[in-house]
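This report refers to the structure that appears directly beneath it.
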Amino acid sequence: MNNGVTIEVILSSLRHQSIYLINLKRTIMRHLKTLLLVCAITFSSALFANNDLDTVKKAVATIITDEVEKLLDDPTFLIEEDIVATVKLTLNKDNEMVVLSVDSNQEFIETFIKSRLNYRELSAKLSNGQKTFIVPVRVIQEE
């Protein structure tokens, strides 16, 4: 009889431990789901913030490119073939463009670009943190 009581006590203890483990597993799963949800919300908001930053950078690039295009319109020299250049510029505190370098195989184009762009104020006020811009320029022959 003593063995029967001992077995019942052991089985009862095992049932309690089993119920405890099941409840512990449920609690852990609930906390894990909550943690995963918090992580998903955090990462998704970070992605949206990054998307907004990309949109702002593209808008700034468009503004600068449009302004450069306007200022370089109607060159005073004859264009025999298309001229390609890469212009590296920055904006000073007065929202003026400052040409840092012009990379082209035509030497006179550097003078032309610098004379047209240097210290020209942008029509739109830009206050983003980007310091340097690289603008590809193509001066094409009119037909």
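Any read-out appearing in this document is the output of simple, stated calculations on the displayed coordinates, not a laboratory observation. Just so we're clear, the structure is a prediction, and the values are computed from it rather than from any experiment. Here Cβ is always computed from backbone atoms with ideal geometry, including for glycine, and neighbour counts include all displayed protein chains.
A few comments on the model shown:
- Taking the range 93-127 as the range and being of a type outside the set (A, V, I, L, M) and assigned to a helix (DSSP H, G or I) as the test, the residues that pass are E107, F108, E110, T111, F112, K114, S115, R116.
- Any hit, the range 112-130, residues being of a type outside the set (A, V, I, L, M) and over 29 Å from T55 (Cα atoms): yes
- Total residues in the range 109-125, condition under 28 Å from the mean Cα position of the chain (by Cα), surrounded by 14 or more Cβ atoms within 10 Å (Cβ to Cβ) and hydrophobic (A, V, I, L, M, F, W, C): 2
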